Amino acid sequence: MAVSLASAVRAQGNSPVSAGVTLFQNVRIFDGKSGSLSAPSSVLIKGNVFERISTAPIDAEPGMTVIAGGGRTLMPGLIDAHWHAMLIRPNPAQAIVGDVGYNNIAASVEATDTLMRGFTTVRDVGGPVFGLKTAIDTGLIAGPRIYPSGAFITVTSGHGDFRQLSELPRTIGGMLSRMEQIGGSMVADSPDEVRVRVREQLMQGASQIKLTAGGGVSSPFSPIDVSTFTEAELRAAVEAAENWGTYVTVHAFTPAAIQRAIAAGVKCIEHGFLMDETTAKLIAEKGVWLSLQPLPEELRQGFPVGSVQRAKADEVWPGIAATYELAKKYKIKTAWGTDVLFSQALAQQQGAILASLVRWYSAAESLAMATGANAELLALSGKRNPYSGKLGVVEQGALADLLLVDGNPLENINLIADPAKNFKVIMKDGRVYKNTL
């Protein structure tokens, strides 16, 4: 009998098949690292981990759930390393001044849809996501694992400062703006303020910290060319995060913003779309991660013609391809994400955005980036890692997040662009959330 989360969970609450013992027979495995599929294999999941993987048959025993793979591909659940779970369904005004209760409900519905697209984990790099994460982790709703950053930490007029000019001047220690009150972003204009805001996110459960080190497209008062935090401010964030055993990632486009962040000890750069060769070499030499996104043209076109945001998008978009070429040329540690904002329709293209990586990488390289490589980036959170166990791979002892794909995505990566049709089984933490076999 087919089990579909989209129909069952919403009708019955959180009703996935409970974690027990599940045996997949006759599957070919993409393990999240290698460039080819395994020979026909059996995979035994006990509780929430991969217990045994064997090319020899594994006998079914009473009480096991047995799934006949029929030669289909078993692979790790997908990981989106640049996601904003609270900022998919609303528009910018709704996200800031809209009803918080409604926004949380919308985000919970989107979280279920995210899981049903095969994304079993997301790294959330900005937004008031702690409550949503708790609801998912406690089984109240179905959704992906979330590695939360909490609020964006920005400076006055930095990317993420969505205040209106009428809200100025800011009084340090004064009343918080609406965006700060809901935990969307926090303004910090000195090293001491940065330390406070970083520690507040860690106190709430952040697994890593996100700062906006340079201008951004969507923020109306944040020019692209501007470097925001001083090196001392960035160092304050890095020190506070490292005291908690985790790391800082920064939004940055320009060479100046990226180089300053690296000098301060930042471990990951988000975007980097305007970097030059010197900066790419520096990233590679320092072993810093580059979290890249093949942003779709629809996202750029979503900004109104004539708006300041559209002008900035037009400036940034040509740099996407060039940055991917630099990442390949210098063998930079590269993660993959989508950075979808304010568009449910684009979120539904999450798998297609991943598939678009074949402009620069093979299908196997692309899928490894969205599984094993992304999981390596998540592991930088150390003891702040909210999930005990290894993600992004199919191997003995790893956490059992997996997809059973009808076909071979290493030969046809576009299979992941239609998860409703091609993902026959979706499992997270050893629990089956979809089974249409």
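The values are calculated or read from the model by the stated rules, or taken from the named source; none is laboratory data. Everything quoted here is computed from the prediction, not taken from an experiment. Virtual Cβ from ideal backbone geometry, glycine too; neighbours counted across all protein chains shown. Note: accessible area is taken over every heavy atom of the protein model, side chains too, but ligands, DNA and RNA are not part of it. Shrake-Rupley method; radii C 1.70, N 1.55, O 1.52, S 1.80 Å.
I'm trying to understand the selection: among the residues of segment 219-239, which are touching a Gly at 6+ places or on another chain (Cβ under 9 Å), surrounded by fewer than 24 Cβ atoms within 10 Å (Cβ to Cβ) and aliphatic (A, V, I, L, M)?
If the condition is that a residue be touching a Gly at 6+ places or on another chain (Cβ under 9 Å), surrounded by fewer than 24 Cβ atoms within 10 Å (Cβ to Cβ) and aliphatic (A, V, I, L, M), then Ile224, Val226, Val238 are the ones that fit.
Restricting segment 394-437 to residues that are open to solvent by less than 30 Å² (accessible area, probe 1.4 Å) and touching an Asp or Glu at 6+ places or on another chain (Cβ under 6 Å), which is nearest to Pro76 (Cα to Cα)?
In this case the residue turns out to be Val394.
Give the residue that is farthest from the chain's Cα centre (by Cα), with candidates limited to residues of segment 149-171 that are surrounded by 11 or more Cβ atoms within 10 Å (Cβ to Cβ) and small (Gly, Ala, Ser).
Only one residue fits best here, namely Ser157.
Here are the criteria: (1) small (Gly, Ala, Ser); (2) within 23 Å of Ala213 (Cα to Cα); (3) outside any loop (DSSP other than H, G, I, E, B). Tell me which single one Gly158 does not satisfy.
All conditions pass for Gly158, except number (3).
Output the number of residues of segment 202-218 satisfying the condition of being crowded, with 24+ Cβ neighbours inside 10 Å and either hydroxyl-bearing (Ser, Thr, Tyr) or within 11 Å of Ala151 (Cβ to Cβ) (or both).
Within segment 202-218, residues that are crowded, with 24+ Cβ neighbours inside 10 Å and either hydroxyl-bearing (Ser, Thr, Tyr) or within 11 Å of Ala151 (Cβ to Cβ) (or both) number 6.
Looking at segment 372-388, I want the residues that are in contact (Cβ under 8 Å) with a residue 40 or more places away in the chain and under 22 Å from Ile136 (Cβ atoms) and have a partner that is open to solvent by 10 Å² or more (accessible area, probe 1.4 Å) and assigned to a helix (DSSP H, G or I) with Cβ atoms under 9 Å, at least 6 apart or on another chain. Which pairs are those?
Within 9 Å, the pairs are Asn385/Ala379; Pro386/Lys133; Pro386/Asp137; Tyr387/Asp137.
Scan segment 231-256 and report the pairs whose first residue is farther than 15 Å from Glu193 by Cβ and whose second residue is of a type in the set (Lys, Arg) and modelled with pLDDT under 95, with Cβ atoms within less than 7 Å and a gap of 6+ or a chain change.
Gly245/Lys383
Just one of (1) farther than 20 Å from Val316 by Cα; (2) in contact with a Gly (Cβ under 7 Å, 6 or more places away or on another chain); (3) assigned to a helix (DSSP H, G or I) trips up Thr246, so point out which.
(3)
Considering only residues of segment 160-187 that are aliphatic (A, V, I, L, M) and in contact with a strand residue (DSSP E or B) (Cβ under 7 Å, 6 or more places away or on another chain), which is nearest to Glu200 (Cα to Cα)?
My answer is Met186.
Working only within segment 172-201, note down all residues that are open to solvent by 60 Å² or more (accessible area, probe 1.4 Å) and farther than 25 Å from Val238 by Cα.
Met175, Arg178
Kindly indicate the residue of segment 116-138 that is of a type outside the set (Val, Ile, Thr) and part of a helix (DSSP H, G or I) and also farthest from Ser218 (Cα to Cα) among those meeting that condition.
Ranking the qualifying residues of segment 116-138, first place goes to Asp137.
Of all residues in segment 369-389 being assigned to a helix (DSSP H, G or I) and open to solvent by 20 Å² or more (accessible area, probe 1.4 Å), which is farthest from His82 (Cα to Cα)?
The residue in question is Lys383.
Of all residues in segment 117-148, which are farther than 24 Å from Lys390 by Cβ and over 16 Å from the mean Cα position of the chain (by Cα)?
Gly131, Ala135, Leu140, Ile141
Just the residues that are open to solvent by 20 Å² or more (accessible area, probe 1.4 Å) and either in contact (Cβ under 8 Å) with a residue 12 or more places away in the chain or touching an Asp or Glu at 6+ places or on another chain (Cβ under 8 Å) (or both), please, taken from segment 62-94.
Those that are open to solvent by 20 Å² or more (accessible area, probe 1.4 Å) and either in contact (Cβ under 8 Å) with a residue 12 or more places away in the chain or touching an Asp or Glu at 6+ places or on another chain (Cβ under 8 Å) (or both): Gly63, Met64, Thr65, Val66, Ala68, Gly70, Gly71, Arg72, Leu87, Arg89, Asn91, Pro92.
Select from segment 117-132 the residues that are touching a residue at least 60 places away in the same chain (Cβ under 8 Å) and in contact with a strand residue (DSSP E or B) (Cβ under 7 Å, 6 or more places away or on another chain) and list them in ascending order.
Gly118, Phe119, Thr120, Thr121, Arg123, Val125, Gly126, Phe130
Give segment 100-116 a look and list any residue that's touching a residue at least 60 places away in the same chain (Cβ under 8 Å) and crowded, with 24+ Cβ neighbours inside 10 Å, or say none.
Result: Thr114, Leu115.
Within segment 29-44, track down each residue that is farther than 14 Å from Gly69 by Cα and open to solvent by less than 10 Å² (accessible area, probe 1.4 Å).
Gly32 - this is the single residue of segment 29-44 that is farther than 14 Å from Gly69 by Cα and open to solvent by less than 10 Å² (accessible area, probe 1.4 Å).
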